[in-house]
Amino acid sequence: MINRRGFNSTALAKFLLALACLQFFISAQRIPAAERTAANPVVNRAPLPANPFYPLPLTSIKPRGWLLRQLQIQAAGLTGHLDEFWPDVGPNSGWLGGTGESWERGPYYLDGLVPLAYLLDDAKLKEKANRRIEWTLTHQRPDGSIGPEKNKDWWPNMVMLKALTQYQEATGDARVIPLMQRYFRYQAASLAARPLHEWAKYRWADEVVSVLWLYNRTGDASLLELAKTLHAQGHDWRGEFENFPFTAPTTQEQLGLKGDNNPDVAMNAHGVNNAMALKTSGEWSLVSGDDSDRQAAARQLGELDQYHLLPNGMFSCDEHLAGHDPSHGTELCSVVEEQFSLEQLIAILGTPALGDRLEKISFNALPGTFTDDMWAHQYDQQPNQVLATLEPRDWVSNGKEANLFGVEPNFGCCTANMHQGWPKFVASLWMASGDSGLAAIAYGPSEVSTVLGKNVRVNILEDTEYPFRGEVRLTVDPATPAAFPLQLRIPGWAESAVIAVNGSKVAGVRPGEFYKIERKWKKGDRVVLTLPMQIRTSAAFHNSVVIERGPLVYSLKIGENWRKIDAGMSKPAASPAADWSVESTTPWNYGLIINRDEPEKSVEITEKPSGDVPFSAKDAAVELRVKGRRIPEWKLVNGSAGPLPVSPVSSSEPIETLTLIPYGGAKLRVTAFPQLTE
């Protein structure tokens, strides 16, 4: 067709399409790997306030030692194979253009698969992840919307955006930022007519993370307006915790599970919502500039601790807030989401205690809910878990299969979402500091490579068996001699910690602080941090006693009989995937004889080499020996350890020597013990 100016409009359209394709091809080229080995961290743009710390681009930190083994175990387990047999993330997934599940499970899976693939530089995993990323990148609709056509919920897109940002940092793919810009313009124009609802209303801060990520790379002020709209439409978590309504275990009557439906209460008390919400006030403070929003984050943690804290560092939620009883559980989704919230919060707030909390959850609650090979997981884990069997328990609202080890126990959200825990923890071990330095946020064997200040390329090798041992050895290798600050987090439990730089001890090291070393660094400089790991006790439910050493919580080693069962999900015969019931083969109902004021006098410590599986009952790297007696009246009730006796407790049973191992390796365990009168 010829228009009135004499142009062939069909030919012009073809030309423009070809030009667009060429531009798309050029923009899709990725930054060569050699140029991505050390990249400057991205800092906050005005008017956002400066952070104490900034996450480093994905792949800046590489796992080593036991952490590398742990990620390799994950890659060889469910994470590396789930898409091969689980339909919800398989080839027919709506997030691959199929007709299958089109809501949150595809994005959830990708949110952990991407960082695992790129931290391990695993070609097979990267191919799996990239195929999914590619579908979203190449199927954005003209109006800017993304995802399966039949998905009309904002929530799954929030998760996909997090996966896209990680992928962009790892690859430099130039298509990600324009896609996000188009999507956010589409969403901003749509929210008045289609506001946040259901899960998105409660999880709006997860999108703010991506909105601010993009703002700091583009400076587009409309993104801050979008963040304000999300805040206005989202649930007021700060207001809820200022007048916290859940000061006792929630009940089915409260939740509307028996009688009148009460969806707001059910959402407010939902464990995963609360874990995600922990970052909300901190993230929003960057936009509001209000210091009281920063303070509100600590208020949320304090309220959950006061009314629902369990010995593994998590709050109870099976599926809703459940109090302090160690026979209640915590959902795996809540564990990995609290990890992510803490990783975001410590960057914004810079509070050292958040690093302590992150380590406690990562080294205890996270491994404690997986089989050694990570081919099975629990939906709910219990600190006092003496059976993992198919029978009703006193959960607030979960089913009888919730603490089985399996592929999809209770509900499939954790099967899709659990993959982010270990890789995001590794990616958060180190952060850039706001004064153009580096900070050790958490400890584990690793190597960090980044660019600081004015193109100062720095590599630090971290050699340690932490959390099983207390010595952390750092070798600092700047490309050329350079001055920059290095901050080391001193855990709150680490009394008498010592830092030595090139063999010389430094002064002023105090627990619960970041210690800053400012000097001109040269290649081969060495820093040794020694964290004395004294035995500690804490009081828990019914004045029970919990034993800790360093960041690890210790549990009774119970004999385990694993039995493969059919929990109702079909699995391919050639796959290791299975559902497992675990029964105890040794007694569990013990009280401890221990001096709480001087517990080291009551406990014998045995350190052993760490095995191929870092957290395992069979090859525990540390064992504790302590005296105890059985308490015959403490019995099973509804498949769990019955009501915990109130300490102190008397018993005339013979004194026995008990073995305690790290919580993460004890799949059956008692963690909160009655204390005996002797």
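Observations on the structure shown:
- In the stretch 631-661, of all residues being among the aliphatic types (A, V, I, L, M) and in a loop (DSSP other than H, G, I, E, B), the one that is farthest from the chain's Cα centre (by Cα) corresponds to Ile655.
- None of Lys201, Lys228, Lys150 is basic (Lys, Arg), open to solvent by 50 Å² or more (accessible area, probe 1.4 Å) and assigned to a loop (DSSP other than H, G, I, E, B) except Lys150.
- Filter result (open to solvent by 70 Å² or more (accessible area, probe 1.4 Å) and of a type in the set (Asp, Glu)) within the stretch 238-254: Glu242, Glu253
- For beta carbons closer than 7 Å, sequence separation of 6+ or different chains, a first residue in the stretch 286-310 that is at positive phi and a second that is at pLDDT 95 or above, the qualifying pairs are Gly289/Pro49.
- Some residue of the stretch 32-43 being under 30 Å from Asp291 (Cβ atoms), at pLDDT 95 or above and either of a type outside the set (D, E, K, R) or open to solvent by less than 20 Å² (accessible area, probe 1.4 Å) (or both): yes
- Flag if Gly664 is out of contact with any Ser or Thr (no Cβ under 7 Å at 6 or more places or on another chain), open to solvent by less than 10 Å² (accessible area, probe 1.4 Å), part of a helix (DSSP H, G or I) and touching a residue at least 40 places away in the same chain (Cβ under 8 Å): yes
- Residue satisfying condition, being basic (Lys, Arg), closer than 27 Å to Pro87 by Cα and over 22 Å from the mean Cα position of the chain (by Cα), within set Lys128, Lys124: Lys124
- When residues of the stretch 615-630 are limited to those that are charged (D, E, K, R) and assigned to a loop (DSSP other than H, G, I, E, B), the one surrounded by the fewest Cβ atoms within 10 Å (Cβ to Cβ): Lys618
- The sole residue among Ala500, Ala494, Ala540 that is modelled with pLDDT of 95 or more and either surrounded by fewer than 18 Cβ atoms within 10 Å (Cβ to Cβ) or of a type in the set (Ser, Thr, Tyr) (or both) is Ala500.
- Near pairs, Cβ below 6 angstrom, 6+ apart or cross-chain, from the stretch 214-234 (within 14 Å of Tyr186 (Cβ to Cβ)) to any residue that is open to solvent by 30 Å² or more (accessible area, probe 1.4 Å) and part of a helix (DSSP H, G or I): Leu226/Ala188
- Residue selected from the stretch 572-614 under the condition small (Gly, Ala, Ser) and modelled with pLDDT of 95 or more, by the criterion surrounded by the most Cβ atoms within 10 Å (Cβ to Cβ): Gly591
- Among the residues of the stretch 600-614, those that are free of Cβ contacts under 8 Å to residues at least 24 places away in the same chain and not in a loop (DSSP other than H, G, I, E, B) comprise Lys601, Glu604, Thr606.
- Taking the stretch 516-532 as the range and being within 20 Å of Arg469 (Cα to Cα) and open to solvent by 40 Å² or more (accessible area, probe 1.4 Å) as the test, the residues that pass are Arg526, Thr530.
- Filtering the stretch 345-403 to residues that are part of a loop (DSSP other than H, G, I, E, B) and of a type in the set (Gly, Ala, Ser) leaves Gly350, Ala376, Ser397, Gly399, Ala402.
- Hits in the stretch 290-314 - residues which are touching a strand residue (DSSP E or B) at 6+ places or on another chain (Cβ under 7 Å) and open to solvent by 10 Å² or more (accessible area, probe 1.4 Å): Leu309, Pro311
- Some residue of the stretch 136-143 being open to solvent by 30 Å² or more (accessible area, probe 1.4 Å), of a type in the set (Lys, Arg), within 19 Å of Val89 (Cα to Cα) and outside any helix (DSSP H, G or I): no
- Matching residues in the stretch 340-370 - criterion: being among the hydroxyl-bearing types (Ser, Thr, Tyr) and buried (at least 22 other Cβ atoms within 10 Å of the Cβ): Ser341, Ser362, Thr369
- Within the stretch 73-113, the residues that satisfy the criterion of being of a type in the set (S, T, N, Q), crowded, with 17+ Cβ neighbours inside 10 Å and over 19 Å from Trp154 (Cα atoms) are Gln74, Thr79.
- Any strands (runs of 3 or more DSSP E) falling wholly within the stretch 484-577 and containing at least 1 residues that are farther than 30 Å from Gly412 by Cβ and among the hydrophobic types (A, V, I, L, M, F, W, C): 498-501, 513-521, 525-530, 535-539, 545-549, 552-556
The values are calculated or read from the model by the stated rules, or taken from the named source; none is laboratory data. Just so it is clear, the structure is predicted and the values come from calculations on it, not from any experiment. Neighbour counts run over all protein chains shown; Cβ positions are idealised from the backbone, glycine included. For the accessible areas, the whole protein counts, side chains as well, though only heavy atoms, and no ligand, DNA or RNA atoms are used. Shrake-Rupley method; radii C 1.70, N 1.55, O 1.52, S 1.80 Å.
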